[in-house]
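For reference, the structure discussed in these notes is given below.
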Amino acid sequence: MRNTLVLNASYEPLTTVSLKRAVVLVLQDKAVVEHAHPLGMVRGTGVSVPIPRVIRLQRYVRVPFRQRAPWSRRGVLVRDQHLCAYCGRRASTVDHLVPRSRGGADSWLNTVAACAEDNQRKADRTPEQAGMRLLRRPFEPTPEASLMMALGLRDSEADEFAAWLPLPAAA
């Protein structure tokens, strides 16, 4: 099951949470279901909740303005669709192009998803030094794009959430 989009009380997208966390927020009356899965219900003893796809918090949460998506290991794996940047197999780790031991930062442009074997083979070197070629270059996603990636949406499914997400900024 995919993640649930969380809206602030003012209907601004905030983040995504697991289905379990979304149901807990609804049951604790901290959130209301704005959009539910059309065919499903979560049932418990004496309680039945529609499977939430979008929830809205009951109380407004102040969030500092963000122009950039915050970097995280999970975010890099999601950005790269859990595919190794070197061989294309399933990725489980994050590799620093310029190793941290050589001053490389935890940043969108210095990290890629990698399988454990390629990460170990590259070791404490740059891809060029290790003789490894990147299949795709890292990029920094916009905050909106990182939210869409966290929801795990394909372009064909984005219409379901179009009403809840901000319009992309004009280039």
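The values are calculated or read from the model by the stated rules, or taken from the named source; none is laboratory data. If you're wondering where the values come from, they're calculated on a predicted model, not measured in any experiment. Positions of Cβ are backbone-derived with ideal geometry, glycine not excepted, and every protein chain shown enters the neighbour counts. For accessibility, only protein heavy atoms count, side chains too; no ligands or nucleic acids. Shrake-Rupley method; radii C 1.70, N 1.55, O 1.52, S 1.80 Å.
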Scanning the stretch 57-76 for residues that are open to solvent by less than 40 Å² (accessible area, probe 1.4 Å) and modelled with pLDDT of 90 or more, the one nearest to residue 115 (Cα to Cα) turns out to be 76
So which residues in the stretch 1-37 are within 18 Å of the chain's Cα centre (by Cα), surrounded by 14 or more Cβ atoms within 10 Å (Cβ to Cβ) and small (Gly, Ala, Ser), if there are any at all?
-> 22
Evaluate the following for residue 49: is it part of a helix (DSSP H, G or I), within 30 Å of residue 20 (Cβ to Cβ), of a type in the set (Val, Ile, Thr) and touching a helix residue (DSSP H, G or I) at 6+ places or on another chain (Cβ under 6 Å)?
-> no
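Among the basic types (Lys, Arg) and under 30 Å from residue 138 (Cβ atoms): does that describe residue 89?
Details: among the basic types (Lys, Arg): yes; under 30 Å from residue 138 (Cβ atoms): yes.
Criteria met by residue 89.
Scan the stretch 48-57 for residues that are farther than 21 Å from residue 146 by Cα and either of a type in the set (A, V, I, L, M, F, W, C) or within 20 Å of the chain's Cα centre (by Cα) (or both) and report the count.
Applying the first criterion (farther than 21 Å from residue 146 by Cα) to the stretch 48-57 yields 48-51.
Imposing the further condition that a residue be either of a type in the set (A, V, I, L, M, F, W, C) or within 20 Å of the chain's Cα centre (by Cα) (or both) reduces the set to 49, 51.
Within the stretch 48-57, residues that are farther than 21 Å from residue 146 by Cα and either of a type in the set (A, V, I, L, M, F, W, C) or within 20 Å of the chain's Cα centre (by Cα) (or both) number 2.
Has the stretch 11-34 got at least one residue that is among the aliphatic types (A, V, I, L, M) and modelled with pLDDT under 85?
To start, the set of residues in the stretch 11-34 that are among the aliphatic types (A, V, I, L, M) comprises 14, 17, 19, 22-27, 31-33.
Applying the additional criterion that residues be modelled with pLDDT under 85 yields 14.
Checked against the condition, which is being among the aliphatic types (A, V, I, L, M) and modelled with pLDDT under 85, the stretch 11-34 yields at least one hit.
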Condition test on residue 45, is it more than 30 Å from residue 134 (Cα to Cα), open to solvent by 60 Å² or more (accessible area, probe 1.4 Å) and polar (S, T, N, Q)?
-> yes
Of the conditions (1) within 18 Å of the chain's Cα centre (by Cα); (2) free of Cβ contacts under 8 Å to residues at least 40 places away in the same chain, residue 45 fails just one. Which one is it?
-> (1)
Select from the stretch 77-95 the residues that are crowded, with 16+ Cβ neighbours inside 10 Å, within 15 Å of residue 135 (Cα to Cα) and not hydrophobic (A, V, I, L, M, F, W, C) and write down the one among them that is modelled with the lowest pLDDT.
-> 79
